[in-house]
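Read the structure below first, then the notes.
The values are calculated or read from the model by the stated rules, or taken from the named source; none is laboratory data. Since the model is a prediction, treat every value here as computed from it, not as a measurement. Using ideal geometry, Cβ is built from the backbone for each residue, glycine included, and neighbour counts are taken over all protein chains shown.
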Amino acid sequence: MSNLANILVQSAESNPDKVAIKMDDIELSYGVIEGLSQRVAGLLQSNGIQPGDRVALISPNIPPMPAVYYGILRYGAVVVPLNPLLKAREVEFHLNDAGAKLAFVFEGVLGEVQEGAKAGGVEVVSMDSSFAKMLGGHDAISAVAEADPSDTAVILYTSGTTGRPKGAELTHENLRSNAELSRSLFSITPDDVLFGGLPFFHIFGQTCALNSAVSAGATITILPKFDPVKAMEIIQRDKVTIFLGVPTMYIGLLGVPDRDNYDVSALRMAASGGAALPLEVLRGFESSFDATLLEGYGLSETSPVVCFNQMDGIRKPGSIGTAVRGAELRVLNEEGQEVSPGEVGELAVSGGYVMKGYWNNPEATEAAIPDDWFRTGDMARMDEDKVFFIVDRKKDMILRGGYNVYPREVEEVLYEHPAVSEAAVLGQPDEVHGEEVVAVVVLKEDAEPVEPEEIRDFVAERIAAYKYPRRVVIADELPKGPTGKILKREIKV
């Protein structure tokens with residue numbers, strides 16, 4: 001039963017006609033997805049794939065994607081989910097690094113992937129309009145391959161914010177147990193409808209939406225590319241009960257001009273992760289949607305959820321909550337010693353959700369897990385109630401004139417300005433202070449005209465003199481990753 005694919009098998013046996021995946025008028029039941037996954041396993045067999053081989057899955061959230069995901073797992077192979085927006089040279093790197101033998105590819109990105117796959121001799125299977133029919137020509141393999149809990153199920157590549165992307169090896173037990181945890185945290189039942197706007201190739205969407213919903217036998221209504229107006233239509237049409245998103249999604253929903261005209265009464269809770277949730281956005285969402293919004297924390301390397309504001313626990317706005325069951329968290333200083341409550345240090349995680357290691361990269365694994373504790377790279381503090389607060393990324397911290405400036409603190413103030421929709425704070429080399437604080441903001445569409453100096457002065461009145469941004473840049477948009485997370489490394493100032 002250790003194979004993660006068994007969560008699909010069990011839900012299909014319990015309720016084969018229940019809608020599992022929905023995209024507008026397209027609905028796939030658990031029975032249909034289970035049947036398709038058996039054919040995917042048959043295709044792998046006919047292509048000479050062996051258990052343990054790596055098989056890439058390069059696709060946005062489309063109806064057949066889960067069948068391919070679970071089909072690869074049931075056969076005993078390893079899923080390598082990749083962002084469909086990768087260019088040919090990036091595809092080539094990932095496929096070669098993983099040693100992939102075959103790639104299932106969304107037809108819309110076939111050109112780039114084929115170019116990248118050609119160099120490594122990786123066979124490509126197009127997930128086009130005839131995909132289901134093509135699968136029907138293969139034998140169905142109903143058996144689920146035996147898997148040890150410690151066997152690798154998925155190799156998930158980190159976004160490369162600290163250099164070359166690394167593949168986090170997540171085991172069947174890592175993913176299964178974290179999906180069960182997520183199911184419990186959100187109290188998911190077969191009656192729930194989850195919003196599927198987070199990409200399944202990313203760990204947040206894969207565990208908290210896809211795997212947790214499938215393990216519960218719930219329905220996921222998917223949106224391949226996030227659009228706030230379309231998201232509001234889906235929430236109303238499909239009576240979404242649980243919304244999972246990143247902060248930019250919530251900002252987008254709050255920016256829908258006539259949002260009060262949509263019926264969102266079925267929504268009972270929402271969860272945010274992937275980046276810090278501004279307090280103004282949290283308050284705005286809860287008052288506008290009359291639903292509880294919980295902020296949590298996790299990484300690709302931790303399957304992901306390790307800390308959460310929990311329904312039956314202490315809730316502190318602005319925090320990431322308390323450690324979840326099965327995870328231990330500590331705040332460590334540079335020497336690896338635990339600091340006192342209230343002090344800032346690097347957040348470290350231990351327990352059954354931590355990855356096996358980085359694929360074929362023992363040096364990176366040793367650096368990240370020098371003992372039993374995975375170093376997250378996030379600066380945090382814990383209060384007297386054992387509630388954790390992320391202060392900032394270790395590498396994002398700005399050192400101005402000998403003082404530590406944490407961008408998130410400055411961003412929180414920027415979001416309080418009535419004209420600011422999105423904000424990113426970063427450091428710029430400075431001859432006098434070493435680094436200077438710079439803010440890049442996007443204004444709300446309906447905002448009154450405002451000058452950069454006005455925003456600068458607004459922040460200067462509210463935080464210490466060494467923290468406020470001496471320079472404010474107004475931009476049309478901020479670069480974002482696949483989940484909508486703001487990519488500071490791509491901002492040019």
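Within the bounds of the range 291-310, is there any residue that is surrounded by fewer than 20 Cβ atoms within 10 Å (Cβ to Cβ) and farther than 30 Å from K444 by Cβ? Yes.
Where strands (runs of 3 or more DSSP E) sit wholly within the range 103-221, those with at least 2 residues that are touching a residue at least 40 places away in the same chain (Cβ under 8 Å), out of contact with any Gly (no Cβ under 6 Å at 6 or more places or on another chain) and crowded, with 22+ Cβ neighbours inside 10 Å occupy 152-157, 167-171, 193-196.
Matching residues to (1) of a type in the set (D, E); (2) surrounded by fewer than 20 Cβ atoms within 10 Å (Cβ to Cβ); (3) farther than 25 Å from R183 by Cβ:
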| site | (1), (2), (3) |
| --- | --- |
| N15 | no, yes, no |
| L43 | no, no, yes |
| Y70 | no, no, no |
| R74 | no, no, no |
| N96 | no, yes, yes |
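The residue of the range 84-100 that is nearest to N360 (Cα to Cα), among those that are of a type outside the set (A, V, I, L, M, F, W, C) and outside any helix (DSSP H, G or I), is G99.
Scan the range 352-404 for residues that are within 19 Å of the chain's Cα centre (by Cα) and among the acidic types (D, E) and the total you get is 2. Just for the range 460-493: of the residues that are of a type in the set (V, I, T) and assigned to a loop (DSSP other than H, G, I, E, B), which one is nearest to E422 (Cα to Cα)? That would be I491.
Right, G377: touching a residue at least 60 places away in the same chain (Cβ under 8 Å), on the phi < 0 side of the Ramachandran plot and not assigned by TED's automatic domain parsing to the domain that holds L95 or not? So G377 does not fit the description; no. Being out of contact with any Ser or Thr (no Cβ under 9 Å at 6 or more places or on another chain) and of a type outside the set (V, I, T): is that true of S11 here? Considered against the rule, which asks whether it is out of contact with any Ser or Thr (no Cβ under 9 Å at 6 or more places or on another chain) and of a type outside the set (V, I, T), S11 comes out as no. Within the range 230-252, the set of residues being β-branched (V, I, T), in contact with a helix residue (DSSP H, G or I) (Cβ under 9 Å, 6 or more places away or on another chain) and assigned to a helix (DSSP H, G or I) comprises I235, I251.
Sub-6 Å Cβ pairs linking a first residue in the range 287-316 that is more than 15 Å from S177 (Cα to Cα) and assigned by TED's automatic domain parsing to the domain that holds G245 to a second residue that is part of a loop (DSSP other than H, G, I, E, B) and among the acidic types (D, E), at least 6 apart or interchain, are I314/D385, ordered by first then second residue.
For the range 322-330, the count of residues that are within 27 Å of D383 (Cα to Cα), part of a strand (DSSP E or B), out of contact with any strand residue (DSSP E or B) (no Cβ under 6 Å at 6 or more places or on another chain) and assigned by TED's automatic domain parsing to the domain that holds D372 is nonzero.
When you check A419 against the structure, is it free of Cβ contacts under 8 Å to residues at least 12 places away in the same chain, surrounded by 14 or more Cβ atoms within 10 Å (Cβ to Cβ) and over 23 Å from the mean Cα position of the chain (by Cα), yes or no? Answer is no for this residue. Do we find that I455 is surrounded by fewer than 21 Cβ atoms within 10 Å (Cβ to Cβ) and farther than 17 Å from V281 by Cβ in this structure? When the stated conditions are applied, I455 does not pass them. Taking D457, is it modelled with pLDDT of 90 or more and in a loop (DSSP other than H, G, I, E, B)? No, not satisfied. Taken over the range 311-337, the residue count meeting the criterion of being among the polar types (S, T, N, Q) and surrounded by 20 or more Cβ atoms within 10 Å (Cβ to Cβ) is 2. Taken together, the criteria exclude A367 from residues that are free of Cβ contacts under 8 Å to residues at least 40 places away in the same chain and either part of a strand (DSSP E or B) or within 24 Å of L277 (Cα to Cα) (or both).
Filter the range 338-382 down to the residues that are modelled with pLDDT of 95 or more, buried (at least 20 other Cβ atoms within 10 Å of the Cβ) and of a type in the set (A, V, I, L, M) and list them by number. Those that are modelled with pLDDT of 95 or more, buried (at least 20 other Cβ atoms within 10 Å of the Cβ) and of a type in the set (A, V, I, L, M): L347, A348, V349, V354, M355, A368, I369, A380, M382.
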